[in-house]
Amino acid sequence: MAEAETSTEYETHTYDVVVVGAGGAGLRAAIAAHDAGARTAIVCKSLLGKAHTVMAEGGIAAAMGNVWSDDGWPVHFRDTMRGGKMLNHWRMAQLHAQEAPDRVLELETWGALFDRTDDGLISQRDFGGHRFARLAHVGDRTGLEMIRTLQQRAVALGIDVFMECTVTELFKDVADDGTPRISGAFGYWRETGKFLVFEAPSIVLATGGIGKSFEVTSNSWEYTGDGHAMALRAGASLVNMEFVQFHPTGMVWPPSVRGILVTESVRGDGGVLRNSEGKRFMFDYIPEYFKSETADSEEEGDRWYTDKANNRRPPELLPRDEVARAINSEIKAGRGSPHGGIFLDIASRRDAEYIKRRLPSMYHQFKELADVDITAEPMEIGPTCHYVMGGVEVEPDSGASIVDGLFAAGEVAGGMHGANRLGGNSLSDLLVFGRRAGESAAEYATKAEQGRPHVQPELITSAEQDALAPFRIEGGGENAYTLQKHLQEQMQKLVGIIRTDEELAEAQQMLRELEDRATRLKVSGGRVYNPGWHLALDLNNMLLVSECIALAARERTESRGGHTREDFAATDESWGDVNLILTLGDDGHAVLKRQPLPQMPEDLRDLFD
Amino acid sequence: MGYDLSMRLWRGDAEGGGLEDFTVEVSEGEVVLDAIHRVQATQAGDLAVRWNCKAGKCGSCSAEINGRPRLLCMTRLNDFEETDTITVTPLRAFPVIRDLVTDVSYNYEKAREVPAFAPTPPDADGKRRMMQVDVERGQEFRKCIECFLCQDTCHVIRDHEENKPAFAGPRFFLRYAELDMHPLDTNDRRKLAQDAAGIGMCNITKCCTEVCPEGIKITDNAIIPMKERVVDRSFDPLVWLGSKIRRRDPSDERTEVV
């Protein structure tokens with residue numbers, strides 16, 4: 001092994017707040033921390049502006065009332081809680097609904113150019129599970145607008161950005177009063193392979209999700225659950241990990257694009273789902289829970305787009321978990337499309353000019369990648385792993401985890417979305433809780449009585465050894481790409497949309513075996529921009545997070561939101577006030593416990609009567 | 001359906017390198033990035049390539065395919081004959097880091113030089129009002145995914161490293177134009193676009209427009225209007241007079257930033 005591969009040199013950087021991740025939550029957190037006076041750094045695995053937020057299409061949910069003046073935060077709060085099957089942390093859902101409108105207006109102040117209503121206000125569009133047209137949007141590229149706006153704001157403020165830099169471990173020390181607390185983080189530059197150490201009292205995790213552990217996913221290579229896993233290793237807890245959202249509409253053909261997202265706006269703007277018999281099958285899948293607010297005829301559903309007061313919304317706009325399950329059933333019943341999906345049809349419902357104006361990137365995406373003209377023919381779509389509701393258990397107002405100095409915001413944080421997230425609530429979540437976590441992290445870091453933490457050298461040595469391990473395997477060794485592919489296939493098969501105890505047990509066994517094989521991951525080449533090495537390190541996080549999902553999914557013996565058990569098909573009210581909490585045991589494996597769901601105060605409860 | 005594709009991939013680093021031959025099995029509907037990923041997974045685990053969304057939305061996987069700047073994820077294999085050899089090389093205008101990955105920090109430095117958006121105060125209800133027709137010009141430019149293919153192809157810098165300090169490139173002319181056309185911005189960046197960003201060096205050959213994967217009409221809709229605005233500011237007394245006599249030009253109320 002060459003000297004360059006084993007060098008343990010590292011550079012040291014000192015900050016008040018280090019934000020890990022530069023999607024919507026990370027950028028918003030960094031802006032807030034900077035504005036609160038903290039010396040702030042953003043660290044991200046990709047180039048700035050490429051994070052997964054850029055893929056978000058439909059819009060940002062915020063009850064601004066620009067289109068329907070009856071909308072307001074209590075309605076948004078209620079929609080969010082019901083969409084999450086009442087398992088959301090009520091306080092997060094409340095803060096989210098209350099603050100989202102201001103966060104959207106703030107983006108406009110920073111240069112975002114949203115689509116407009118006729119009287120010049122920010123336009124709002126329909127989405128699944130939302131009572132009113134509520135999503136601020138820019139065509140179907142809202143995520144790009146949001147990330148570019150936040151990126152340009154962060155650059156204008158002069159916040160330090162460490163791009164193409166991966167954080168692999170968090171450091172802790174012990175405060176004078178004996179409390180363990182965050183002291184910094186360890187990482188490497190992807191471009192050079194060199195190590196860095198951050199000394200910082202506050203760390204905000206904004207690392208996004210875990211979707212890359214599944215075979216069919218809308219998520220990019222970055223979504224390996226780094227923040228989830230690092231939080232666990234640092235002593236924090238995860239909540240709701242059994243709830244994984246399969247977005248109903250991902251592309252299915254050609255195989256190369258399988259899983260790529262097709263925005264819910266297609267349905268929000270009038271698109272409908274049909275099976276191979278041409279039937280609008282969603283009317284057969286309206287659950288009791290949503291019957292009173294869902295149209296029971298095609299005529300009523302169609303009228304709703306223009307007259308919301310006198311009609312109920314079409315079942316294509318039920319929350320995502322319901323739609324994904326219905327699509328899955330139709331395909332299983334043999335009524336699928338030629339390539340194993342079902343049909344999403346907007347061509348027969350709206351004129352070509354409207355489709356191209358409202359859904360330009362969908363038009364482009366299908367034209368370029370699948371030779372399909374969505375203004376003339378239906379799309380073939382099927383469910384794709386899209387989002388994890390579960391994440392770091394945080395204090396709602398501050399985003400603080402149970403570890404002093406460790407904060408989390410965005411997809412890596414749990415609680416906000418309960419058992420199922422409504423479309424559009426992610427971008428608003430990033431803004432609302434990104435800001436709160438950034439402010440709280442800055443406040444924590446500058447607390448006068450707190451002495452600065454110190455990074456102990458032996459922790460650095462240990463992190464270096466872990467990072468270099470794949471270069472030191474003698475003999476054969478395992479290939480990271482092969483292992484990842486196996487993990488993805490098995491997670492899809494055993495821990496996917498429909499689960500059983502038997503398959504979950506098999507998944508746990510499979511994960512133990514992969515974990516063992518992962519200790520022999522071997523890397524070819526050097527440390528300069530070596531994706532094989534990067535994947536080998538990310539894989540450990542993927543395995544740990546997958547273990548958490550399987551464990552929690554096996555424990556929850558009911559079906560609710562993004563967790564469907566074939567052997568426990570009903571929603572069980574006795575599970576309705578139970579959170580599953582995961583921590584890391586001494587043996588390095590996840591430990592699970594049940595915890596009561598926080599109960600909302602009376603005045604909020606009244607909204608549901 | 002499937003066939004064996006011949007590829008030549010540039011491999012190397014800042015010290016040097018060259019094309020290496022690979023044969024990889026590919027199947028219907030795949031794109032060049034799929035083929036590269038398969039090479040990576042089965043033959044060259046350390047092959048360096050940037051990518052993220054794989055759907056033409058993030059602009060990470062920019063490279064040159066048979067000499068032409070393209071996104072790897074949006075270039076379909078059926079654009080080529082099965083017998084063709086596909087050659088993939090890194091972006092030529094930027095220094096190589098390794099294999100297909102280049103150092104694009106030039107673009108991030110130029111981004112820092114553009115003065116930020118500075119809006120007028122909101123209306124009394126805290127909201128801002130703009131008409132759709134007025135935001136649409138800017139929206140076209142904000143479709144930019146920062147793939148930097150326009151920067152790569154622009155001949156002012158493609159083979160002229162020495163021009164880089166004084167030239168921001170098409171991507172940032174787009175940004176200057178976007179802000180200049182923003183209905184609520186209060187900064188006047190025209191002098192800056194001319195002096196520091198070097199818009200005058202562009203001689204509108206439209207190469208940037210041709211490679212833009214988002215189909216943004218960079219030259220016609222951004223650069224040429226921006227050049228005209230720069231000229232208006234500097235030289236045209238008639239336009240100046242006209243704006244005083246007839247309706248007020250909103251740019252008169254802007255503050256020049258330098």
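Once phi is turned into ³J(HN,Hα) by the Karplus curve 6.51 cos²θ - 1.76 cosθ + 1.60 with θ = phi - 60°, what whole-Hz value does each residue of segment A:140-147 show in order, with x for glycine and proline?
Working through the residues one at a time gives 10, 10, 5, x, 4, 4, 5, 5 Hz.
Using DSSP to define loop residues, name the GluC sites (Glu not before Pro) in segment A:261-326 whose beta-carbon has at most 15 other beta-carbon atoms within 10 Å. Walk me through the numbers on the way to the answer.
On the way: sites: A:264, A:277, A:288, A:293, A:298, A:299, A:300, A:316, A:322; in loops: A:264, A:277.
Sparse-neighbourhood loop GluC sites (Glu not before Pro): A:277.
Karplus couplings for segment A:542-549 from phi (6.51 cos²θ - 1.76 cosθ + 1.60, θ = phi - 60°), rounded to Hz, Gly and Pro as x?
Couplings: 4, 5, 5, 5, 4, 4, 4, 5 Hz.
With charges set only on the Cβ (+1 for Lys and Arg, -1 for Asp and Glu), what does the dipole of segment B:3-102 come to about its Cα centre, in debye to the nearest 20?
Numbers: 11 positive and 16 negative charges, 117 e Å.
Charge dipole, segment B:3-102, about its Cα centre: 560 debye, nearest 20.
Taking R0 as 25 Å, what's the FRET efficiency between residue B:123 and residue B:255 from their Cβ-Cβ distance, rounded to 0.05? Working shown, then result.
Values: r = 21 Å, r/R0 = 0.84.
Efficiency, rounded to the nearest 0.05: 0.75.
Residue A:591 to residue A:276: extension gain in nm, 0.36 nm per residue of separation minus the Cα-Cα distance?
Details: separation 315, 0.36 × 315 = 113.40 nm, distance 4.50 nm.
Contour length minus Cα-Cα distance gives 108.9 nm.
Specify whether the C-alpha gyration tensor of chain B places it in the rounded, prolate or oblate class, a ≥ b ≥ c being the square roots of the eigenvalues: rounded for a/c under 1.5, otherwise prolate if a/b is larger than b/c and oblate if not. Present the calculation step by step, with values, prior to reporting the outcome.
Values: a/c = 2.72, a/b = 2.16, b/c = 1.26.
Because a/c hits 1.5 or more and a/b exceeds b/c, chain B counts as prolate.
Could you tally the net charge around residue A:547, taking each other residue with its Cβ under 14 Å from the Cβ of residue A:547, Lys/Arg +1 and Asp/Glu -1? Intermediate results must be reported in sequence, preceding the final value.
Numbers: positive: A:233, A:512, A:554; negative: A:242, A:506, A:513, A:515, A:516, A:555, A:587.
That works out to -4.
Rounded to whole Å, give me the distance from the Cα center of segment A:262-297 to that of segment A:143-166.
With segment A:262-297 and segment A:143-166 each reduced to a Cα centre, they are spaced 38 Å.
When a/c reaches 1.5 or more, the comparison of a/b and b/c decides; with that in mind, is segment A:250-384 rounded, prolate or oblate per its Cα gyration tensor? Walk me through the numbers on the way to the answer.
Details: a/c = 2.03, a/b = 1.27, b/c = 1.60.
Oblate, because a/c is 1.5 or more while a/b does not exceed b/c.
Place +1 on the Cβ of every Lys and Arg and -1 on the Cβ of every Asp and Glu in the protein assembly as shown, take the dipole about the Cα centre, and give the residue among A:276, A:93, A:379 whose Cα lies farthest towards its positive end.
A:379
For residue A:513 paired with residue B:80, estimate the spin-label separation in nm (one decimal), with each label point 7 Å from Cα along the Cα-to-Cβ line.
Placing both labels 7 Å beyond Cα along the Cβ direction yields 3.7 nm.
Which whole number gives the average count of other chain Cβ atoms within 10 Å of the Cβ atoms across peptide A:529-537?
Values: counts 11, 6, 14, 7, 2, 2, 3, 1, 0.
Going residue by residue through A:529-537 and averaging, the value is 5.
Need one number: nm distance between label points at residue A:520 and residue A:456, each 7 Å from Cα along Cα→Cβ, rounded to one decimal.
3.3 nm
Calculate, for residue B:28 and residue A:569, the FRET efficiency according to 1/(1 + (r/R0)^6) with r their C-beta to C-beta distance and R0 25 Å; round to the nearest 0.05.
Values: r = 38 Å, r/R0 = 1.50.
Calculated value: 0.10.
Checking the cross-link filter: which lysines have an alpha carbon closer than 24 Å to that of residue A:172, excluding same-chain neighbours under 8 positions apart?
Correct list for residue A:172: A:45, A:194, A:447.
How much mean residue ellipticity at 222 nm does the protein assembly as shown get from its helices, if each DSSP H run of length 4 or more adds -39500 (n - 2.57) and you divide by all residues, to the nearest 500 deg cm²/dmol? Display every interim value, and only then the final one.
Values: 27 runs with 289 residues, N = 867.
Calculated at 222 nm, the ellipticity per residue is -10000 deg cm²/dmol.
GluC sites (Glu not before Pro) within segment A:557-599: which are DSSP loop residues with at most 13 other Cβ atoms inside 10 Å?
Numbers: sites: A:558, A:566, A:573; in loops: A:558, A:566.
Answer by residue number: A:566.
Taking the alpha-carbon distance from residue A:356 and a cut-off under 26 Å, which lysines remain once sequence neighbours fewer than 8 residues away in the same chain are dropped?
Counting by Cα, and skipping residues close in sequence, residue A:356 has these lysines nearby: A:50, A:279, A:308, A:367, B:54, B:57, B:143, B:206, B:217.
May I ask what percent, to the nearest 5, of DSSP beta bridges between residues of the protein assembly as shown are antiparallel? Can you show the working numbers first?
On the way: 67 of 99 bridges.
About 70 percent, rounded to the nearest 5.
Relative to the Cα centre, what is the charge dipole magnitude of chain A, using +1 at the beta carbon of each Lys and Arg, -1 at the beta carbon of each Asp and Glu, and rounding to the nearest 20 debye?
Working: 63 positive and 93 negative charges, 169 e Å.
The calculated dipole for chain A is roughly 820 debye.
Projected onto the charge dipole of chain A (+1 at Lys/Arg Cβ, -1 at Asp/Glu Cβ, origin at the Cα centre), which of A:156, A:200, A:591 gives the Cα projection farthest towards the positive end?
Farthest towards the positive pole: A:156.
Only Lys, Arg, Asp and Glu count, each charged at its Cβ (+1, +1, -1, -1), so figure out the dipole size of segment A:267-376 about its Cα centre, rounded to 20 debye.
Working: 19 positive and 21 negative charges, 40 e Å.
Approximately 200 debye in magnitude.
In percent, how large is the relative contact order of segment A:527-572, given Cα pairs closer than 8 Å and 6 or more residues apart? Walk me through the numbers on the way to the answer.
Numbers: 20 pairs, mean separation 10.0, N = 46.
Relative contact order comes out at 22 percent.
Return one number: the angle in degrees, 0 to 90 and rounded to the nearest 10, between the long axis of the Cα atoms of helix A:320-332 and the longest principal axis of the Cα atoms of chain A.
70 degrees
What is the angle, in °, between the Cα long axis of helix A:501-518 and the longest principal axis of the Cα atoms in chain A? Nearest 10 is fine, range 0 to 90.
30 degrees
With a cut-off of at most 10 other beta carbons within 10 Å, and DSSP calling the residue loop, which trypsin sites (Lys or Arg not before Pro) in segment A:113-164 qualify? Please list them. Let's see the in-between values first.
Working: sites: A:116, A:125, A:131, A:134, A:141, A:148, A:153; in loops: A:131, A:134, A:141.
Of the trypsin sites (Lys or Arg not before Pro), not one in the loops of segment A:113-164 has a Cβ with at most 10 other Cβ atoms within 10 Å.
Run the numbers on segment A:184-233 and let me know its relative contact order in percent, using alpha-carbon pairs under 8 Å that are six or more apart. Mind showing how you got there, number by number?
Details: 52 pairs, mean separation 12.7, N = 50.
It comes to 25 percent, rounded to a whole number.
Work out, in µm²/s and without decimals, the Stokes-Einstein translational diffusion coefficient of the protein assembly as shown at 37 °C, 0.692 mPa s, Rh from Kirkwood over C-alpha pairs.
Details: Rh = 27.6 Å.
D = 119 µm²/s.
Note down the relative contact order for chain B as a percent, whole number, built from C-alpha pairs under 8 angstrom at least six residues apart.
Working: 410 pairs, mean separation 41.8, N = 258.
Computed value for chain B: 16 percent relative contact order.
Nearest 10 degrees, 0 to 90: what angle lies between the long axis of helix B:132-141 and the longest principal axis of chain B (Cα atoms)?
Helix B:132-141 and the main axis of chain B meet at about 40 degrees.
At what distance in nm do the modelled label points of residue B:19 and residue A:443 sit from each other, each positioned 7 Å from its Cα along Cα→Cβ?
Taking the two extended label points, one gets 6.1 nm.
Name the residue farthest towards the positive end of the dipole of chain A from the options A:306, A:528, A:228, assuming +1 on Cβ of Lys and Arg, -1 on Cβ of Asp and Glu, about the Cα centre.
Positive-end residue among those listed: A:306.
Under 13 Å from a label point 7 Å along Cα→Cβ of residue A:603: give me every residue in segment A:59-81 with its amide N that close.
A:74
Need one value: the accessible area of residue A:92 in square angstrom, 1.4 angstrom probe, rounded to the nearest 10.
Estimated to the nearest 10 Å², residue A:92 gives 10 Å².
Between residue B:195 and residue B:133, what length comes free when the chain is fully extended (0.36 nm per residue of separation minus the Cα-Cα distance, one decimal in nm)?
Values: separation 62, 0.36 × 62 = 22.32 nm, distance 3.04 nm.
Value of the extension gain: 19.3 nm.
The values are calculated or read from the model by the stated rules, or taken from the named source; none is laboratory data. What you see is a predicted model, and the numbers here were worked out from it, not measured in a lab. Ideal geometry is used to build each Cβ from the backbone, glycine not excepted, and the neighbour counts take in all protein chains shown. Ligands, DNA and RNA are stripped out before the accessible areas are found, and what is left, the full protein with its side chains, is counted by its heavy atoms. Shrake-Rupley method; radii C 1.70, N 1.55, O 1.52, S 1.80 Å.
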